[in-house]
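The block underneath contains the structure these notes are about, expressed in structure tokens.
The values are calculated or read from the model by the stated rules, or taken from the named source; none is laboratory data. Every value quoted in this text rests on a predicted model; they were computed, and no experiment measured them. So basically every Cβ, Gly included, is an ideal-geometry build from the backbone, and we count neighbours across all protein chains shown.
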Amino acid sequence: MIIQNIKSKLPEIGTSIFAVMSQMANEFNAINLSQGFPDFNCSDELIDLVNHYMKKGFNQYAPMPGTIELRKQISTKVKRDYERDYNFESEITITAGATQALYTAFATIINPGDEVIIFEPAYDSYLPAIKLNGGIPVNIQLNKNDFSIPWENVRKVITNKTKCIVINSPHNPTGTILKQNDIEELKNLIRDTDIFLISDEVYEHIVFDGKDHLSFAKYDELAKRSFIISSFGKTFHTTGWKVGYCLAPEMLMKEFRKIHQFIVFAVNTPVQLALSEFMKNQNNIYQLGQFYQDKRDLFISLIKSSRFSLSQCSGTYFQLLDYSKISDKNDLEFCEYLTKEVSVAAIPLSPFYSEGTENRFIRICFAKKDEVLKKAALKLCGI
């Protein structure tokens, strides 16, 4: 048969753990805390704005880099937040979600044999995107005690083949954020090199406890070699709309757009126009951190009597739970037990590692209605 002539480019990749756990949650009617997206709707105003632009006839292709209106609003926001000017004409591109932006950034800079440093646990799209473009992933595990970056290990793996370092802050799945010493370590590491950076900042506005998001846009040494990627899906509770963006210096963005145009060409026009209008009200952006901090704090208070231990969550809408006092099962088995016997679905941490892990951690998503969090916490406290 002709299909036998297909040689898989990702032979080791199967169905994602997110799809597996969501299917299991549906099958056993479990509360689904595995899903990495909200179970509540976005703003009615934003929906009305999309409808408005649809009815006004803005239903054809947007410009390849994105609508001018949205790129201008992003430029204004980045200047306000991080004190850096990105030219909306040549240094900002609207993408079909952050995952597409990440893939395009990898495709822009990676050639066969190039090494790319990633930190594990890592978001699951990094590894296949690197491999599909002929790159060689160099995996470094974050410190087990606090999931901080072990910079001494990074220095050891830098070679003349190192093309790129990928940083994710706020970090999925651990909820950690970069600190100023991390920025200084990275500056020192890449000084006098040609190493590029990909900074995954999709949770940039979900940071807690008065801490700051240290965007690479803040630092000359980092910004000049960085693709900085963010997501409207995370900021405005619209993950299903798949709209994100990439910031990069003009020469990098020129190459990025060459590839972008042949992957997706352009992104949903009325949604872009609606987002540009919605962004003019700053409250629609800057209340997000407190909104999710309240949910984090609620969940923590609800499970404080449980046998789980909690790691520090400083950003994102994910919380890691340490179940080592409860079970010796591996994390896949424990998540299956939780779903089938406790009726709460979570995500095991091992799929975020290229070779798995023996850590006894699971990830839950607290971007859920309060009543859902209360129901789930009651079940978890009953273990």
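Annotations
- Hey, Glu371 without any contact (Cβ under 8 Å) to a residue 12 or more places away in the chain, within 22 Å of Thr239 (Cα to Cα) and of a type outside the set (Lys, Arg) or not: yes
- Of the criteria (1) assigned by TED's automatic domain parsing to the domain that holds Val372; (2) crowded, with 19+ Cβ neighbours inside 10 Å; (3) of a type in the set (Lys, Arg), which one Lys9 fails: (2)
- Qualifying positions in the range 22-51 - crowded, with 19+ Cβ neighbours inside 10 Å and aliphatic (A, V, I, L, M): Ala25, Ala30, Ile31, Leu33, Leu46, Leu49, Val50
- The single condition from (1) within 24 Å of Tyr292 (Cα to Cα); (2) assigned to a loop (DSSP other than H, G, I, E, B) that Arg363 fails is (2).
- Of note, Phe291 satisfies the criterion of being among the aromatic types (Phe, Trp, Tyr), closer than 23 Å to Thr238 by Cβ, surrounded by fewer than 19 Cβ atoms within 10 Å (Cβ to Cβ) and not assigned by TED's automatic domain parsing to the domain that holds Lys179.
- Within the range 65-95, the set of residues being more than 18 Å from Leu222 (Cβ to Cβ) and among the basic types (Lys, Arg) comprises Arg71, Lys72, Lys77, Arg80.
- Candidates in the range 150-178 are the residues that are touching an Asp or Glu at 6+ places or on another chain (Cβ under 6 Å) and not in a loop (DSSP other than H, G, I, E, B); of these, the one that is surrounded by the most Cβ atoms within 10 Å (Cβ to Cβ) is Asn168.
- Close pairs from the range 109-123: first touching a residue at least 60 places away in the same chain (Cβ under 8 Å), partner assigned to a loop (DSSP other than H, G, I, E, B) and hydroxyl-bearing (Ser, Thr, Tyr), Cβ under 6 Å, at least 6 apart: Glu120/Tyr353; Pro121/Tyr353
- Residues located in the range 205-229, provided they are among the small types (Gly, Ala, Ser) and out of contact with any helix residue (DSSP H, G or I) (no Cβ under 7 Å at 6 or more places or on another chain): Gly210
- Inter-residue pairs, beta-carbon under 6 Å, first free of Cβ contacts under 8 Å to residues at least 24 places away in the same chain and in the range 355-367, second not in a strand (DSSP E or B), 6+ apart: Gly356/Ser350
- The set of residues from the range 325-354 being farther than 24 Å from Ile177 by Cα and assigned to a loop (DSSP other than H, G, I, E, B) comprises Lys325, Ile326, Ser327, Asp328, Lys329, Asn330, Ser343.
- Hits in the range 324-357 - residues which are more than 20 Å from Thr15 (Cα to Cα) and of a type in the set (Asp, Glu): Asp328, Glu341
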